[in-house]
Amino acid sequence: MKRYILTAAAAVACSTVFAQTITFDTPDYKGVGVYDTWEKSPFRTGALEPNVAVVENHLKDSVNTSSHILGVQRSRYGSNTMGVEVKLNEPWRIGTESQYVHVLIHKPVESRVMLIGLGNRADRPGQSQRVEQFWVYPTNDVDAGEWADAVFSVKANNGVDIYSLVLAPDVRSDCKEDFVAYIDNIEISNDLTPRTGVGDYPINLPSQTMIMRYDRRLHDVSLNGDTIKTNLASDIHVPLYMALLEKPFQAAPGQVVKPGVGYNAKWMHSYVYLDKNNDGKFTTDELVAFTPKVNNADDPCALPSFTVPSDLAPGIYRMRYKVDWDNNDPGGDLQTIVSNGGSIVDVLLNVHAPEVTVNNDNRNGEVLTADGKSLDNLRVPFGKNLKVKMVPSNGFTYSGIKVRHGYNLTGDPLKHSNPQYREEVIDASEFAPDHTVTIPGAMVDGNLLIEGLFVSSTK
């Protein structure tokens with residue numbers, strides 16, 4: 001499966017094009033080894049020699065037909081962040097915009113994996129190229145006993161150069177028995193959809209499939225007038241499928257909503273799906289709106305309204321907009337969707353209650369409402385500004401507040417690849433002289449967990 005390459009050009013707009021391939025069939029990497037974040041690891045002190053090598057692919061299947069793969073022994077004598085290191089031929093520049101690293105993994109143990117980036121900051125010329133710049137878990141589940149495409153979301157301060165990628169195949173802290181894990185086919189893109197098609201919300205074509213009809217384009221999708229643009233890429237590389245999850249649409253249970261698509265042609269149909277049970281896949285039973293086939297000049301833009309189920313619990317749900325020809329399969333018509341000029345776009349829907357719950361998590365001070373009320377289980381209106389006040393303890397001041405907003409605030413940040421909450425920092429420079437600041441209504445889009453960033457005021 002050597003079409004998987006380390007490049008950012010195969011997806012929507014990307015800040016850096018990085019066309020180095022990592023296939024392990026050719027010398028397209030500088031070297032391989034083992035890296036452990038634990039400084040006293042026997043693999044760092046030299047007390048133990050690691051087992052790592054590029055070997056023939058004895059695990060070939062329909063997902064990975066490569067000739068060679070990279071194997072590493074997960075040793076019980078290393079830390080849980082011991083992993084296989086792949087040294088890049090050229091440094092990869094990362095910044096504040098998220099990019100997604102895809103790695104095919106095959107391992108016998110069901111456990112979480114982690115990606116670590118080694119590199120330095122371009123504005124620190126004396127810094128070692130082996131400083132750990134990020135540690136990230138995958139955005140999707142990685143099943144054992146088969147090839148799985150682990151997808152890692154990576155971003156950092158502007159101007160960070162990565163020279164090596166380290167894949168830790170097992171981050172359990174209680175590993176009692178060694179095993180061998182294999183990795184292959186590394187790719188960086190702006191697409192967080194797993195390439196293997198076995199992850200959340202699959203489509204019926206490879207996720208890298210590009211459109212072929214530039215005279216028939218889906219330019220945007222909308223709900224109740226709120227619009228998300230889809231024409232984010234140049235005409236050189238426009239993916240058939242896009243997951244645009246940054247800005248959720250909003251609706252209340254039982255609300256009648258009007259979906260729309262901006263498509264510049266006719267002779268097509270539109271379909272809208274809602275993953276009502278939040279199980280990571282769409283079915284034809286979850287089709288909530290569509291344009292029926294009437295004649296060959298059907299207009300895909302003429303979508304009807306639908307009612308959000310009144311029994312949906314508040315939370316984040318996945319929606320899918322699909323432009324296709326007379327086909328209600330949420331994965332798309334495998335034979336004709338490309339040639340007919342179709343597209344598939346996934347977005348998020350924030351199903352919300354009239355009020356949300358605010359809590360706080362503070363040490364060395366308090367964050368209160370502007371009139372001095374506690375933030376413990378405080379109920380406030382959804383989408384409305386919230387004014388809060390900092391009250392540091394003696395000997396402390398503050399650098400700002402961190403606002404976690406959304407749902408499942410103390411749990412996993414992802415549910416079937418859908419972000420459940422977001423975190424934003426409001427800097428102290430934005431506070432008024434009376435130590436108050438207004439949290440904008442855009443952040444009050446779900447429950448809130450507010451952390452006061454209190455710091456010592458003594459030198």
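Readers should treat all values here as calculations from the given coordinates under stated rules, not as data from a laboratory. As the structure is a prediction and not an experimental result, all values here were calculated from the model. Positions of Cβ are generated from backbone atoms using ideal geometry, with glycine treated the same way; all protein chains shown enter the neighbour counts.
How long are the three semi-axes of the equivalent ellipsoid for the stretch 127-259, computed from the Cα gyration tensor as the root of 5 times each eigenvalue, in whole Å, largest first?
On the way: eigenvalues 231, 78, 65 Å².
For the stretch 127-259, the ellipsoid semi-axes come out as 34, 20, 18 Å.
Here the simple spin-label model places points 7 Å from the Cα toward Cβ, and for THR227 and SER457 these points are separated by 5.0 nm. Within the straight-line cut-off of under 18 Å between alpha carbons, the lysines reachable from LYS266 are LYS293, LYS322, sequence neighbours fewer than 8 places apart in one chain being disregarded.
With 0.36 nm allotted per residue and the present C-alpha distance subtracted, the GLU177-ALA428 stretch has 85.4 nm of extension available.
Once divided by 2.2 N^0.38 Å, the Cα radius of gyration of the stretch 31-189 becomes 1.01. Within a straight-line Cα-Cα reach of under 17 Å, LYS402 can be paired with the following aspartates and glutamates, leaving aside sequence neighbours fewer than 8 residues apart in one chain: ASP361, GLU366, ASP376, GLU423, GLU424, ASP427, GLU430, ASP445, GLU451.
The ASP299 and SER399 beta-carbon pair, evaluated with R₀ = 45 Å, returns a calculated FRET efficiency of approximately 0.25.
In this rough spin-label picture, where each label sits 7 Å from Cα along the Cβ direction, the HIS58-ARG130 distance is 3.1 nm. At an R0 of 45 angstrom, the distance between the Cβ atoms of ASN158 and ASP326 translates into a FRET efficiency of 0.45. Using every pair of separate Cα atoms, the Kirkwood estimate puts the hydrodynamic radius of the chain at 24.4 angstrom.
What number, rounded to the nearest 500 deg cm²/dmol, is the helix-based mean residue ellipticity at 222 nm of the chain, given -39500 (n - 2.57) per DSSP H run of at least four residues and division by all its residues? Walk me through the intermediate numbers first.
Numbers: 1 runs with 4 residues, N = 459.
Rounded to the nearest 500, the figure is 0 deg cm²/dmol.
Greater than 21 Å separation of Cα atoms is the criterion. Which listed pairs, LYS60/LYS107; LYS247/LYS373; LYS30/LYS107, meet it?
On the way: LYS60/LYS107 14 Å; LYS247/LYS373 31 Å; LYS30/LYS107 24 Å.
Where the Cα-Cα span goes over 21 Å, the pairs concerned are LYS247/LYS373; LYS30/LYS107.
Return the ratio Rg/(2.2 N^0.38 Å) for the stretch 355-456, where Rg is computed over Cα atoms only.
Numbers: Rg = 13.3 Å, N = 102, 2.2 N^0.38 = 12.8 Å.
Expressed relative to 2.2 N^0.38 Å, the Cα Rg reads 1.05.
What net charge do the residues around ASN447 carry, taking every other residue with its C-beta under 11 Å from that of ASN447, with Lys and Arg at +1 and Asp and Glu at -1? Don't skip to the answer; put the middle values down first.
On the way: positive: ARG379, ARG404; negative: GLU355, ASP445.
Charge balance near ASN447 sits at 0.
The modelled label-to-label distance for the pair HIS68/LYS387, using points 7 Å beyond Cα in the direction of Cβ, is 6.6 nm.
Taking the number of Cβ atoms within 10 Å of each Cβ as an exposure proxy, the fewest-first ranking of HIS416, HIS58 is HIS58, HIS416.
Among 37-44, 132-139, 441-448, sorting by the average number of other beta carbon atoms lying within 10 angstrom of each residue, highest first, gives 441-448, 132-139, 37-44.
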